[in-house]
Amino acid sequence: MSEYKPLNKYQLASYGAPAMPLSMMGLPLAVFLTPVYADSQGFGLSLAFVGLVLALSRVFDGLTDPLIGFYSDRIRSRWGRRKPFLLIGLPIYMAGVWLLWVPPIEFTEISLLGFTMSSGYPYLLAVLLVMYVGATIKDVPYSAWGAELAQGYSDRTLIMSWKEAFSVSGLLVAAMVPVVIVFWGYTKPTDSVYFLSIILVIIMPIMVFNLLAVVPEYPVKESTTPHMPIRETFRIVWRNEPYRKLIVIFLFSTIGSAMTNALSFFFVKHVLLAGDLYGFYLAPYFISQIVAIPLWFKLSGKIGKHRATMVAIFWYAFWSCFIPLIAIAPQVWFESYHLIDLLSFLPDGWLVRLDAHFEGIPTGKFAFFIGVMCLKGSAIGALSALPYAMAADVIDLDSAQTGKRQGGVYFSIWTMTRKLAYALGLVVGTTGATIVGFNSLADPINAPNTLMALFWLACLYSIVPALFKFVAIPLLWSYPLTEDKLREIQQEISQKPELA
């Protein structure tokens, strides 16, 4: 693109900023949805069936991605080809989010297709479909737009790092809200998602409109050959070897992430016996991600994105191994880690209130668990930002071969893979927990699950997801698209007048 100019810091921030409200709601979707709908303090639905509903909605969501990506590559308007989709998808998404967390109806028993069930199941499926349609319409063009804002190997990593920093910042806000509202007596997941929904509908339109006004969408230059049919387009995309490897890597990694997210609240509540303190775990966990992002960025500049991703996987897996050990260890081992002692720097009034709130909760093991999770969580930023930056690189390889700018198709397949893999991970995690005998509606104090069920829950939460991520290691070891190779490809593109 001859019109390409490096973005200034405000433009970089403006592009990354909408990722903040997206991840603010991404966290509740990942870790609060199953507690809100399948916990005794929420709507009390079955964990296995809630997992199935979530999986079905994710499958539908994934199948719509290629269509949006295909048409966002081909549409032409006075406002560009990406911006109109963000405007259309924004209100649909916000309506779906509000209906999901603040249902306007009470769930009752109904008869549907000859079965008697709670009305919560079809309601949950319907509002998830609305929300995911809105998310797809805006998210796929948004990601493709980011890939088209830079050409350099490191510049793309920088853009994705800004986006990831805002994304993690949004996760941090989402994690801090449950902590803050505890001081006002709000401890349930339903309370957290209510306040987060209010924040979302206020700040998301502001950030999206600022993005549309400030960040350029450069005119597209392609070869004059006619556009290919959608089937041929996807066939050519699949022949892109580096991209194919990334898809496989991301698929297995996302399965593991979905399992961890779906089971995290239940692990804290039933294994650590600290469900009311769940918000205190999320905040430091995501702070560790923010702190680590610049370090991973520097490492990727020295050894390459694919090698840095390998290091992050090993770091993630190493600390995951400690989680089941913490689960089976006696509480007495952690007496010196009581949370009230670790928070002694807070004002006395807060400490008195927290001490009363923590009464009867074994906070020592929980506090030690937070430390391990911070070390483990420091790898998450790398496992998110670096593969996205690598995906942006492979689009240049396609452009050199086809003469087209098809970022929308590439990122639509990327997000489709993520959503389908997430659906599979939800089913594996929630169904696996049910198979090993875990009951999400059990009272963790007076009628707890068996020790064996809790141990297997800990493994499904930590060890099994780490094993899924290890699938990426041999693919990353032989990953062919290095910085030098990308430079050759971009030089080839620059020699084609219709693309340069």
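The values are calculated or read from the model by the stated rules, or taken from the named source; none is laboratory data. Remember, it's a predicted structure, so these values are computed and weren't measured experimentally. Reconstructed Cβ throughout: ideal geometry from the backbone, glycine too, with neighbour counts over all protein chains shown.
Listing for the model above:
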item	result
Test: residue in the stretch 376-390 that is over 21 Å from Trp162 (Cα atoms) and modelled with pLDDT of 75 or more	yes
Unique match (being among the aromatic types (Phe, Trp, Tyr) and closer than 16 Å to Ile370 by Cβ) among Phe318, Phe297, Phe267	Phe267
Positions within the stretch 217-243 being at pLDDT 70 or above, surrounded by 15 or more Cβ atoms within 10 Å (Cβ to Cβ) and out of contact with any Pro (no Cβ under 7 Å at 6 or more places or on another chain), in sequence order	Glu217, Ile236, Val237, Asn240, Tyr243
Residue that is nearest to Tyr281 (Cα to Cα) [pool: residues in the stretch 155-193 that are of a type in the set (Phe, Trp, Tyr) and crowded, with 18+ Cβ neighbours inside 10 Å]	Phe166
Leu90, sole failed condition from (1) part of a loop (DSSP other than H, G, I, E, B); (2) at pLDDT 85 or above	(1)
Residues (farther than 13 Å from Ala379 by Cβ and at pLDDT 85 or above) located in the stretch 274-299	Lys298
The stretch 189-218 residues that are without any contact (Cβ under 8 Å) to a residue 60 or more places away in the chain and farther than 18 Å from Pro178 by Cα, paired with ones that are of a type outside the set (Lys, Arg) and crowded, with 21+ Cβ neighbours inside 10 Å (beta carbon under 7 Å, 6 or more apart)	none
Conditions (1) in a helix (DSSP H, G or I); (2) within 17 Å of Thr260 (Cα to Cα); (3) modelled with pLDDT of 85 or more; number of the one not met by Phe438	(1)
Of all residues in the stretch 33-51 being of a type in the set (Gly, Ala, Ser) and assigned to a helix (DSSP H, G or I), the one that is nearest to the chain's Cα centre (by Cα)	Gly51
Residue check, Tyr71 more than 30 Å from Phe267 (Cβ to Cβ) and modelled with pLDDT under 80	yes
Looking only at the stretch 106-135, and only at residues there that are modelled with pLDDT of 85 or more and either of a type in the set (Ser, Thr, Tyr) or exposed (fewer than 13 other Cβ atoms within 10 Å of the Cβ) (or both), the one that is farthest from Ala48 (Cα to Cα)	Tyr132
Of all residues making up the stretch 321-340, the number that are loosely packed, with under 12 Cβ neighbours inside 10 Å and either modelled with pLDDT under 70 or of a type in the set (A, V, I, L, M) (or both)	3
Looking only at the stretch 295-305, and only at residues there that are of a type outside the set (Ser, Thr, Tyr) and within 15 Å of Ser161 (Cα to Cα), the one that is surrounded by the most Cβ atoms within 10 Å (Cβ to Cβ)	Lys305
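Residue by residue, here is whether (1) over 20 Å from Pro448 (Cβ atoms); (2) surrounded by fewer than 24 Cβ atoms within 10 Å (Cβ to Cβ) holds:
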| site | (1), (2) |
| --- | --- |
| Val248 | yes, yes |
| Ile255 | yes, no |
| Ala258 | yes, no |
| Asn261 | yes, yes |
| Ser264 | no, yes |
| Val271 | no, no |
| Gly275 | no, yes |
| Pro284 | yes, yes |
